[in-house]
Each structure stands twice: as C-alpha cells, then as structure tokens.
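Structure first, commentary second.
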Amino acid sequence: MLAGLSGELEGLGDGVHRAELRIERMQGRAGALDELLSSGALDGLTGDALEDELRQIAARGRIDEELQELNQRKTEGESS
C-alpha cells in the first residue's frame with residue numbers, strides 16, 4: 001500500500017513540476033512580448049511578420065525549456 005502511495009506522490013510531484021515549467025514558459029513569453037511592444041520592435045509589422053516573430057520567440061523558449069529539463073535529468077542521475 002505504501003509503495004502505491006509513494007508512486008502516486010511521485011507522479012503528483014512530476015505533474016506539479018511540469019505545470020511549473022509551463023508557467024515559467026508562459027511568463028517568459030509574456031515578458032518577451034511586453035518587451036517587444038515597449039521597445040517598438042513590433043511597430044509597423046504586418047500580421048504575418050508578427051506571427052513569424054512570435055514563432056521564433058516560442059521556439060527559443062522551447063529550446064531553453066528542453067535544456068533545463070536535460071540539465072535536471074543529468075543532475076538527478078548524478079545524485080542517484
């Protein structure tokens with residue numbers, strides 16, 4: 001019974017961690033967009049150009065997130 005509970009808690013912890021990563025990613029996107037808007041970098045862009053710029057920002061965010069996850073796995077592997 002305790003083994004099952006331990007597994008459920010571990011799964012819950014993993015879910016919370018993934019949610020935290022998503023929140024950080026969304027906050028990063030919002031911050032980047034705010035910065036672009038306030039700097040005037042988006043002035044005069046058409047809808048297509050703006051979408052392209054936002055896609056590039058999102059891609060960079062995904063790369064950063066994947067690197068963070070890989071570093072965490074590496075750290076967890078070293079501590080085992």
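Counting Lys and Arg as +1 and Asp and Glu as -1, each charge on the Cβ, what is the dipole of the stretch 31-73 about the Cα centre in debye, to the nearest 20?
Around 180 debye, computed over the stretch 31-73.
Using the alpha-carbon atoms, what tilt in degrees (0 to 90, nearest 10) does helix 2-39 show relative to the longest principal axis of the chain?
The answer is roughly 10 degrees.
Rounded to the nearest 500, what is the 222 nm mean residue ellipticity of the chain from helices alone, with -39500 (n - 2.57) per DSSP H run of 4+ residues and division by all residues?
Numbers: 2 runs with 71 residues, N = 80.
Rounded to the nearest 500, the figure is -32500 deg cm²/dmol.
Among L21, A59, L42, whose Cα projects farthest towards the positive end of the dipole of the chain, with charges put on the beta-carbon of Lys, Arg (+1) and Asp, Glu (-1)?
Checking the options against the dipole of the chain, the answer is L21.
Taking all protein chains as present, what is the carbon and sulfur share of the accessible area of the chain, in % to the nearest whole number, probe 1.4 Å?
Values: 3550 of 6460 Å².
The computed percentage sits at 55.
For Q27 and D64 in the same chain, what is the full-extension length gain: residue separation times 0.36 nm, less their Cα-Cα distance, in nm?
Full extension from Q27 to D64 adds 12.0 nm.
Please compute the net charge surrounding G15, taking Lys and Arg as +1 and Asp and Glu as -1 over other residues with Cβ under 14 Å from its Cβ.
-2
Taking K and R as +1 and D and E as -1, what net charge do the other residues with C-beta under 14 Å from the C-beta of G40 add up to?
Here the count lands on -4.
Using only Cα atoms, find the angle between the long axis of helix 47-79 and the longest principal axis of the chain, and express it within 0 to 90 degrees, rounded to the nearest 10.
Result, in degrees: 20.
The values are calculated or read from the model by the stated rules, or taken from the named source; none is laboratory data. Here the structure is a predicted model, which is why all the values come from computation and not from measurement. Positions of Cβ are backbone-derived with ideal geometry, glycine not excepted, and every protein chain shown enters the neighbour counts. Each accessible area value is taken on the protein alone, full model and side chains, heavy atoms only, with ligands, DNA and RNA left out. Shrake-Rupley method; radii C 1.70, N 1.55, O 1.52, S 1.80 Å.
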